[in-house]
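Participant: For reference, the structure I am asking about is given below.
We did not get these values from a lab; they are worked out from the coordinates using the rules stated. Everything quoted here is computed from the prediction, not taken from an experiment. A quick note on method: Cβ atoms are made from the backbone with ideal geometry, for glycine too, and the neighbour counts reach across all protein chains shown.
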Amino acid sequence: MLEKTFTEKTYTLEILYHVGTYENSIHFIFDHASKTCAIIDPAWEADLFIQRIIDKGYTLTDIWLTHWHGDHMNAADEIADKTGAKITVGVNETPYLQVEHSVTTVNDGEIVTLGNTQAKIINTPGHTAGGICYLLDGHIIVGDTLFVYGAGHCSLPGGNVREFYHSMQKLKLVNDDVMLHCGHDYGCKIDTTMSDQKAGNAYLLLDNEEDFVKYVDGMSQGLVAYPTQALTLKEIQHML
């Protein structure tokens with residue numbers, strides 16, 4: 001299990017990589033002032049996560065979900081049972097989300113707060129109907145909406161390729177120097193910025209909706225190889 005830590009002005013972001021059956025990336029936000037913690041997309045190892053937070057002298061108060069898929073939330077109920085943490089999810093994801101606890105819903109542009117730390121919600125449907133990203137100071141946590149030089153599929157209930165295209169246009173607006181953190185380590189490297197992805201991620205480079213749909217549909221049909229490294233627009237168009 002690989003770990004990385006990023007210390008910012010109001011918070012520390014810690015990430016555990018390759019957790020569980022699908023090798024998820026689990027993100028912890030530790031707010032310095034309040035000594036509270038939010039965990040993003042907890043799955044597989046509830047007790048491990050809880051003990052990790054306690055050992056650092058923090059209190060887990062929040063569970064932030066990016067989307068409903070089981071490998072991103074199958075520990076949410078257990079953690080909420082054991083800690084009383086509040087579960088937050090995108091408002092359009094609730095028809096698909098299967099948790100026993102009540103949830104707090106958020107919508108595009110809203111701010112979620114953890115002590116002195118804030119995260120802006122960006123609605124990014126496509127991989128799921130109500131997927132969201134959490135934009136913090138210097139970092140964005142995107143779940144499966146985007147990977148390093150790739151992105152999530154649109155094949156499960158609520159997925160929509162055309163909505164995904166428009167979500168990509170929104171992510172292009174995120175500042176270049178913001179670090180991107182994904183739900184899985186599926187690319188050729190872990191550390192990346194939005195600038196890197198804007199320059200080499202096919203999902204962000206394609207600026208024509210029909211080409212985007214053709215590319216994503218071609219991938220799901222096995223006609224286009226899934227990218228694991230940077231591509232140029234010319235290389236992408238050659239695949240179409």
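Participant: Could you state the principal axis extents of the C-alpha atoms in segment 58-176, from the largest down, to the nearest angstrom?
Facilitator: The principal-axis extents, from largest down, are 38, 32, 23 Å.
Participant: Now for a different question. Computed over the Cα atoms, what is the radius of gyration of the chain divided by 2.2 N^0.38 Å, N being its residue count?
Facilitator: For the chain, the normalised Cα radius of gyration is 0.97.
Participant: Need the C-alpha centroid separation for segment 214-240 versus segment 107-171, integer Å.
Facilitator: Rounded to whole Å, the Cα centres lie 21 Å apart.
Participant: What fraction of the Cα pairs in segment 59-108, stated in percent, has a spacing above 13 angstrom?
Facilitator: Everything past 13 Å amounts to 50 percent.
Participant: Then there is this: Give me the net charge of residue 127's neighbourhood, meaning all other residues with Cβ under 14 Å from the Cβ of residue 127; Lys, Arg count +1, Asp, Glu -1.
Facilitator: Neighbourhood net charge equals -3.
Participant: Quick one: of 86/214; 82/172; 4/82; 56/172; 120/189; 4/172, which pairs are farther than 31 Å apart, Cα to Cα?
Facilitator: 86/214; 82/172; 56/172
Participant: Moving on to the next point. Evaluate the distance, in nm, between pseudo-label points positioned 7 Å from the Cα of residue 78 and of residue 188 along their respective Cα→Cβ axes.
Facilitator: Taking the two extended label points, one gets 3.7 nm.
Participant: Moving on. Counting helices only, and only those DSSP H runs with n ≥ 4, report the 222 nm mean residue ellipticity of the chain as the sum of -39,500 (n - 2.57) divided by its residues, in deg cm²/dmol to the nearest 500.
Facilitator: Rounded to the nearest 500, it is -6500 deg cm²/dmol.
Participant: Can you give the Rg to Rh ratio of segment 113-240, both from alpha-carbon atoms, with Rh computed by the Kirkwood formula?
Facilitator: Result: Rg/Rh = 0.96.
Participant: As a test of the definition: which semi-axes, in Å, follow for segment 20-104 when you take the square root of five times each eigenvalue of its alpha carbon gyration tensor? Largest first, please.
Facilitator: Ellipsoid semi-axes (Å, largest first): 20, 14, 11.
Participant: Compute the signed sum of charges (Lys and Arg +1, Asp and Glu -1) over the other residues within less than 14 Å, Cβ to Cβ, of residue 192.
Facilitator: The answer is -2.
Participant: Could I ask something else about it? Based on DSSP, what percent of beta bridges with both residues in the chain are antiparallel, to the nearest 5?
Facilitator: Given both bridge residues lie in the chain, the antiparallel proportion sits at roughly 70 percent.
Participant: Would you tally the net charge around residue 236, using a Cβ to Cβ cut-off of less than 12 Å, leaving residue 236 out, and scoring K and R as +1, D and E as -1?
Facilitator: Here the count lands on -1.
Participant: Once you have the Cα-Cα distance between residue 56 and residue 198, take 0.36 nm times their residue separation minus that, and quote the gain in nm to one decimal.
Facilitator: Computed gain between residue 56 and residue 198 is 47.5 nm.
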